[in-house]
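The values are calculated or read from the model by the stated rules, or taken from the named source; none is laboratory data. Because the structure is a prediction, the values reported are computed rather than measured. Cβ: placed from backbone, ideal geometry, glycine included. Neighbour counts: every protein chain shown. Areas reflect the complete protein model, heavy atoms only, side chains present, ligands, DNA and RNA absent. Shrake-Rupley method; radii C 1.70, N 1.55, O 1.52, S 1.80 Å.
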Amino acid sequence: QVQLVESGGGLVQAGGSLRLSCAASGSFYVVKVMGWYRQAPGKQRELVATITSGGDTNYADSVKGRFTISTDNAKNTVYLQMNSLKPEDAAVYYCNAEISRPPWAAATNYWGQGTQVTVSS
């Protein structure tokens, strides 16, 4: 069974920074893509950033230049460094991973439980 465990959310003033972490645990799997999505009240879940196992990254236009996604492949952990936070960044942030389990199988999407990010103006 695969689990994604997130940490690092909280309350920060506008202009401040937060770092989110998400660790994938389980057995006999290959992580192909990891990423972060967010959902604000009354809005649809949206992509924030993704990173492939090869290191290719993709960002939402709204966070480019402010957020940085990175991974520690040895630990199957993905990070999201969020700088210059704005009130509109407030949302529940969800970790996502596309995982093949066993390694030769087609990838399946897994989600973390979500972590709240609140930005005060």
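Points worth noting:
- Flag for A107 being surrounded by 15 or more Cβ atoms within 10 Å (Cβ to Cβ), touching a Ser or Thr at 6+ places or on another chain (Cβ under 7 Å) and under 23 Å from A14 (Cα atoms): no
- Taken together, G42, G35 contain a single residue that is under 30 Å from S121 (Cα atoms) and either among the polar types (S, T, N, Q) or not in a strand (DSSP E or B) (or both), which is G42.
- In the set (1) out of contact with any Pro (no Cβ under 8 Å at 6 or more places or on another chain); (2) of a type in the set (F, W, Y); (3) at pLDDT below 95, the condition left unmet by Y29 is number (1).
- Taken as a whole, the condition of being at positive phi, in contact with a strand residue (DSSP E or B) (Cβ under 9 Å, 6 or more places away or on another chain) and either open to solvent by less than 40 Å² (accessible area, probe 1.4 Å) or not aliphatic (A, V, I, L, M) (or both) does not apply to G42.
- Checking the range 27-36 against the condition returns a match, with at least one residue being more than 18 Å from S100 (Cβ to Cβ) and not polar (S, T, N, Q).
- Here I51 meets the list (1) at pLDDT 95 or above; (2) of a type in the set (A, V, I, L, M, F, W, C); (3) over 12 Å from the mean Cα position of the chain (by Cα) almost entirely, failing just condition (3).
- Number of positions in the range 110-121 that are open to solvent by less than 90 Å² (accessible area, probe 1.4 Å) and assigned to a strand (DSSP E or B): 6
- Scanning the range 67-104 for residues that are touching a residue at least 12 places away in the same chain (Cβ under 8 Å), open to solvent by 70 Å² or more (accessible area, probe 1.4 Å) and not in a strand (DSSP E or B) returns N73, K75, K86, E88, R101.
- Yes/no for T50 being more than 19 Å from T108 (Cα to Cα) and assigned to a strand (DSSP E or B): no
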